Amino acid sequence: MDLGHVSAACAAAFLAGAINSVAGGGTLVSFPTLLWLGVPSIPANATSTVAIWPGSLGSIWGFRRELAQVDPKMRTLAIACMAGGGAGALLLRITPASLFDRLVPFLILFATILFTVQAPIQARLRERTKRPGTAEIWMPRAAALLFLMAVYGGYFGAGASIMMLSALGILGMTDILKMSALTSFYALCFNAMAALVFISAGMDYWPYVLPMAIAATIGGYGAAGVARRIGRSAVRRFVIAVGFTISVVMLVRAF
């Protein structure tokens, strides 16, 4: 590792933080960059999760009013998300590196597809918001579904937020702002548990973690205005192009 590598990692984290503040999907930039810098896939995944996590605090602050208006029972589901995030991180820990290397192209492709369909899903959910009435949420089903989503989030992470947003729609929620607030809250929780597992197990690559965490936080707060001026659609197209390009390149190399 040298100054050039650290600079590249920080630039990716800065960009990931800015992207997450506008459209989400920053992991699709930070994780492949770490792979490109020579960090093995599992430590790269763990490092990306730990380093990018502080930037997600900004999303919670932005949704603080909506989160306060959510049914307290829905906030308690964060416990299921934390359990799922920890389970997913432990599952990553016991996954052989050779197997995870083969899974990475498909995980990136899957996350990119999820990110691609995010806008239509959100539009559909916003349309539901206009309809009268609310559905009663059966908490055991909600806990089980969110646990499974969080397992994926703790294992890989990219695309987990849109999965949770869709899950809340399936469960009967109709207020898109409250759903987005809960999704950000749940992601904060399962990523925190995953980060704790990664740190305690020594799975992350510390020379990159702190510089990337600082860069991601600055990116989330400082570059968000620039990203918004560029436009949400442009940011989304950039992330989608990066995700598909990387997944295709890695699939070609794998086969």
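None of the figures in this text is laboratory data; all of them are computed from the coordinates on show. Note that the coordinates shown come from a computational prediction; the quantities given were computed from them, not determined experimentally. When we count neighbours, we look across all protein chains shown, and the Cβ atoms used for this are built from the backbone with ideal geometry, even at glycine.
Compute the length gained on full extension between T76 and W36: take 0.36 nm times their separation in residues and subtract their Cα-Cα distance, giving the result in nm to one decimal.
10.5 nm
In the neighborhood of S184, defined by Cβ-to-Cβ distances under 13 Å, what is the net charge if each Lys or Arg adds +1 and each Asp or Glu adds -1?
+3
Arrange the following residues from fewest to most other Cβ atoms within 10 Å of their Cβ: F110, F31, F185.
In increasing order of surrounding Cβ atoms, one gets F110, F185, F31.
Can you tell me how much longer the chain between Q69 and A144 gets when fully stretched, taken as 0.36 nm per residue apart minus their C-alpha distance, in nm with one decimal?
In short, 24.7 nm is gained.
Can you put C189, C10 in order, fewest other beta carbons within 10 Å first?
By the 10 Å Cβ count, ascending, the order reads C10, C189.
Just grab the label-to-label distance for W206 and L91, each label 7 Å out from Cα along the Cβ direction, in nm (one decimal).
For the pair W206/L91, the computed spacing is 2.9 nm.
Under the 0.36 nm per residue contour assumption, what length would be gained going from the current alpha-carbon distance of L177 and A11 to full extension?
56.7 nm
Shape verdict for the stretch 28-115, please, from the Cα gyration tensor: rounded (a/c under 1.5), prolate (a/b greater than b/c) or oblate.
prolate
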